[in-house]
Amino acid sequence: MPSTWPMDDKPAVEAGTLYLVATPIGNRADITLRALAVLEQADVVAAEDTRTSGRLLAGYGIQRGLVAYHEHNETRQAARLLQELESGRSVALVSDAGTPLVSDPGYRLVAAAADRQIKIVPVPGASALTAALSASGLPTDSFVFAGFPARRPGRRRRQLESLAADRRTLIFFESPRRLLGLLEDLQQVMGNRQVVVARELTKLHEEFIRGTVGHVICRLRDRPAIKGEVTLLVAGADKKNTAAGRQELDRALAAALEETGGSASAAASLVAQRLGTGRRLVYRRAVELKKARGS
């Protein structure tokens with residue numbers, strides 16, 4: 001049964017207020033009492049997928065109509081919801097799963113509400129981002145959430161290159177169909193770093209695959225198919241990937257260029273293997289060094 005009051009005995013919703021309500025990412029028991037109270041009492045509930053959210057609410061005895069709010073109608077529906085808020089009605093926004101706006105629609109509505117000084121209230125709860133990070137075994141004190149990588153390989157590699165020197169833990173969401181491609185690009189750009197694949201979080205077949213990029217690729221290639229929602233975490237760069245390690249890289253490349261007769265490609269392959277870093281970045285630096293020396 002739904003809870004009709006929050007834990008502090010105050011009304012669950014206030015007039016003219018936008019609520020950002022987190023919903024479960026898998027296990028339906030992860031819904032909070034406050035979330036149920038807000039969803040039951042809000043004048044309008046806007047959902048990314050009305051079918052998914054409808055089943056969730058029905059499971060807790062909340063019977064009501066839902067307004068569709070997704071990436072294809074966001075501009076039109078944001079204007080409508082702002083009118084509702086400015087008329088004094090309360091609006092609850094939910095995504096397909098997890099916390100709204102974390103790689104889900106809603107930014108346009110929240111930004112416009114903030115500009116109009118409409119009260120915005122987060123109703124926190126489940127998030128694949130924090131769930132995966134907390135159980136990953138990678139550093140949690142500082143991290144970068146990069147969302148979904150680009151689908152096209154060239155653009156995806158450029159995105160990875162822009163993050164290659166970052167020493168913080170990197171976090172991505174990815175489709176299971178594109179996971180192997182992302183891991184292969186990651187190995188080429190960043191080397192054989194430690195990674196964690198968090199799959200089907202909070203669901204029946206929840207799984208964490210930990211190891212180097214190469215190890216994880218081998219494990220996944222042995223499977224007939226990769227299924228389920230995926231969060232990928234990547235260890236941050238160490239010294240040799242950062243500006244602080246540039247001198248070491250340059251020394252190694254200078255020696256390798258001599259050893260390979262001045263071939264930037266061969267030198268990059270050699271140094272990438274010796275230092276355990278991504279070949280693409282090493283090759284780019286090798287070319288820069290050759291140009292600087294007038295070769």
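The values are calculated or read from the model by the stated rules, or taken from the named source; none is laboratory data. Here the structure is a predicted model, which means the values were calculated and not measured. Neighbour counts run over all protein chains shown; Cβ positions are idealised from the backbone, glycine included.
Filter segment 165-195 for residues that are among the aliphatic types (A, V, I, L, M) and closer than 14 Å to residue 215 by Cβ; which is modelled with the lowest pLDDT? Here the answer is 186. In segment 165-212, the residue that is surrounded by the most Cβ atoms within 10 Å (Cβ to Cβ) out of those that are among the β-branched types (Val, Ile, Thr) and closer than 19 Å to residue 135 by Cβ is 195. If you go through segment 206-234 and keep only what is within 20 Å of the chain's Cα centre (by Cα) and in a loop (DSSP other than H, G, I, E, B), you end up with 206, 226, 227, 228, 229.
Pick out, from segment 244-295, the helices (runs of 4 or more DSSP H) lying fully within it that include 1 or more residues that are at pLDDT 80 or above, within 21 Å of residue 157 (Cβ to Cβ) and small (Gly, Ala, Ser). Talk me through it step by step, then tell me what you get.
On the way: elements: 246-259, 264-275, 279-292.
Helices (runs of 4 or more DSSP H) meeting the threshold: 264-275, 279-292.
Residue 130 satisfies every condition listed in (1) within 20 Å of residue 26 (Cβ to Cβ); (2) touching a strand residue (DSSP E or B) at 6+ places or on another chain (Cβ under 8 Å); (3) polar (S, T, N, Q) except (2).
Candidates 40, 84: the one that is acidic (Asp, Glu), assigned by TED's automatic domain parsing to the domain that holds residue 108 and in contact with a Pro (Cβ under 9 Å, 6 or more places away or on another chain) is 40. Annotation note: of 153, 124, the sole residue that is within 21 Å of the chain's Cα centre (by Cα) and more than 30 Å from residue 280 (Cα to Cα) is 124.
For segment 66-92, which residues satisfy the criterion of being β-branched (Val, Ile, Thr), part of a strand (DSSP E or B) and without any contact (Cβ under 8 Å) to a residue 40 or more places away in the chain?
Initial filter on segment 66-92 (β-branched (Val, Ile, Thr)): 67, 75, 91.
Among the residues that remain, those that are also part of a strand (DSSP E or B) are: 67, 91.
Passing the criteria: only 67.
Any idea which of 39, 93, 33 is crowded, with 17+ Cβ neighbours inside 10 Å, of a type in the set (A, V, I, L, M, F, W, C) and over 26 Å from residue 144 (Cα atoms)? Of 39, 93, 33, the one residue that is crowded, with 17+ Cβ neighbours inside 10 Å, of a type in the set (A, V, I, L, M, F, W, C) and over 26 Å from residue 144 (Cα atoms) is 39. Among the criteria (1) part of a helix (DSSP H, G or I); (2) within 19 Å of residue 156 (Cα to Cα), the one residue 237 does not fulfil is (1). For segment 53-82, a residue qualifies if it is farther than 19 Å from residue 31 by Cα and of a type in the set (Ser, Thr, Tyr), and the qualifying residues are 69, 75. In the set (1) under 23 Å from the mean Cα position of the chain (by Cα); (2) crowded, with 23+ Cβ neighbours inside 10 Å, the condition left unmet by residue 85 is number (1). How many of the residues making up segment 228-243 are at pLDDT 95 or above and surrounded by fewer than 16 Cβ atoms within 10 Å (Cβ to Cβ)? Of the residues in that region, 0 qualify.
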